[in-house]
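A.B. asks: My structure is below; once you've seen it, I'll send some questions.
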Amino acid sequence: MSSSALTVGFDLDMTLIDSRPGIGACYRALSARTGVAIDCDLVVTRLGPPLEEEIANWFPADDVAAIAELYRSMYPEHAIAGTVMMPGARRAVEAVQAAGGRAVVVTAKYEPNAKLHLRHLGIPADAVVGNLWAERKAEALREYGADIYVGDHTGDVRGARTAEALSVAVATGPCSAEELREAGADVVLGDLTEFDGWLAAHLSGR
């Protein structure tokens with residue numbers, strides 16, 4: 001599926017969407033349903049890695065897979081409505097498309113739930129690939145021939161570098177600008193409101 005046309009990958013949580021309110025609500029509902037105390041305020045400070053890694057902090061190892069499936073089944077009811085778009089998100093996606101390119105969302109989130117978020121917020125991604133984290137994101141980035149991958153986590157930087165795509169990081173998630181640079185990001189932006197200007201300059205210099 002690779003192409004000579006511009007393809008830009010975007011992470012989802014804390015890159016395109018601020019899912020903290022929705023995820024917090026879903027964990028509170030999960031806690032109420034299972035009777036297990038979960039520090040939901042702590043959970044939303046470390047979004048990015050796969051769901052199972054977070055679930056393992058609160059439930060016995062033998063229960064993680066089943067609880068993760070329960071959480072995913074509860075997610076549409078509890079997490080979609082409360083989630084908002086990050087500043088500049090739609091404009092960033094549309095800037096790629098206006099340049100004749102494709103915007104592909106590559107996320108660790110369960111793919112059906114990722115699609116629900118994009119549909120609810122009206123973010124016009126050209127494709128969505130879920131269930132991939134860190135270096136494994138390179139699988140989708142290579143499949144789509146991504147030139148650039150935009151994310152907020154050091155795991156996103158690793159995915160971009162593994163795919164030999166330009167790593168553009170936004171300091172809007174759990175990782176600081178310094179941490180993103182130290183992980184090897186090629187470009188660090190404050191947030192996505194800076195992306196369309198950066199992209200125009202980048203493309204003019206190609």
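The values are calculated or read from the model by the stated rules, or taken from the named source; none is laboratory data. All values reported here derive from a predicted model rather than from experimental measurement. These area figures cover heavy atoms from the full protein model, side chains too; ligands, DNA and RNA do not enter into them. Shrake-Rupley method; radii C 1.70, N 1.55, O 1.52, S 1.80 Å.
A.B. asks: What are the residues whose amide H is under 5 Å from the amide H of MET86, where those residues sit 5 or more places off or on another chain and H is modelled from the backbone?
C.D. replies: So MET86 has HN proximity to ILE17, ASP18.
A.B. asks: At q = 0.13, 0.14, 0.17, 0.19 Å⁻¹, work out log10 I(q)/I(0) for the stretch 45-156 with the Debye formula, treating every Cα as an identical point scatterer and leaving solvent out; two decimals please.
C.D. replies: The calculated log intensity ratios at q = 0.13, 0.14, 0.17, 0.19 Å⁻¹ are -0.55, -0.63, -0.91, -1.11.
A.B. asks: Then there is this: For the chain, what is the calculated [θ] at 222 nm in deg cm²/dmol (nearest 500), taking -39500 (n - 2.57) for each run of four or more DSSP H residues and dividing by its residue count?
C.D. replies: The helix-only estimate for the chain comes to -13000 deg cm²/dmol at 222 nm.
A.B. asks: If you don't mind, there's one more thing I want to ask. For the stretch 80-183, what does the relative contact order come out to in percent, with C-alpha contacts under 8 Å and a separation of six or more?
C.D. replies: Value for the stretch 80-183: 20 percent.
A.B. asks: So how far, in whole Å, is the C-alpha centre of the stretch 61-77 from the one of the stretch 98-135?
C.D. replies: First find each Cα centre; the distance between them is then 21 Å.
A.B. asks: OK, next. Round to the nearest 10 and report in Å² the accessible area of THR45, as given by a 1.4 Å probe over the protein chains' heavy atoms.
C.D. replies: Surface accessible to solvent at THR45 totals approximately 80 Å².
A.B. asks: If you don't mind, another one. Per residue, how much accessible area does the chain have with a 1.4 Å probe, in Å²?
C.D. replies: Each residue of the chain exposes 43 Å² on average to a 1.4 Å probe.
A.B. asks: Here's another thing I want to ask about it. Considering the convex hull of the alpha carbon atoms of the chain, report its projected area averaged over all viewing directions, in nm², one decimal.
C.D. replies: With every direction weighted equally, the projected area is 10.7 nm².
A.B. asks: Further, regarding this structure: Sort LYS137, LYS109 by accessible area with a 1.4 Å probe, largest first.
C.D. replies: I get LYS109, LYS137, largest accessible area first.
A.B. asks: Choose one answer from GLY48, GLY100, GLY82: the residue with the largest mean-square fluctuation in a GNM of the chain with alpha-carbon springs under 10 Å.
C.D. replies: For the chain, modelled as a Gaussian network with Cα springs under 10 Å, the answer is GLY100.
A.B. asks: Is the stretch 57-117 best put as rounded, prolate or oblate by its Cα gyration tensor, with a ≥ b ≥ c the root eigenvalues, rounded for a/c under 1.5, and otherwise prolate when a/b is larger than b/c, oblate when not?
C.D. replies: Here the stretch 57-117 falls in the prolate category.
A.B. asks: Another question, if that's okay. Quick one: order GLU54, GLU179 from most to least accessible surface, probe 1.4 Å.
C.D. replies: Ranked from most to least accessible, the order is GLU179, GLU54.
A.B. asks: Let me know the shape class of the stretch 94-206, please: from the alpha-carbon gyration tensor, a ≥ b ≥ c as square roots of the eigenvalues, rounded when a/c is under 1.5, otherwise prolate if a/b is greater than b/c, or oblate.
C.D. replies: Rounded, since a/c falls under 1.5.
A.B. asks: For the chain, modelled as a Gaussian network with Cα springs under 10 Å, which listed residue fluctuates most, ALA165, ALA66, ALA177?
C.D. replies: For the chain, modelled as a Gaussian network with Cα springs under 10 Å, the answer is ALA66.
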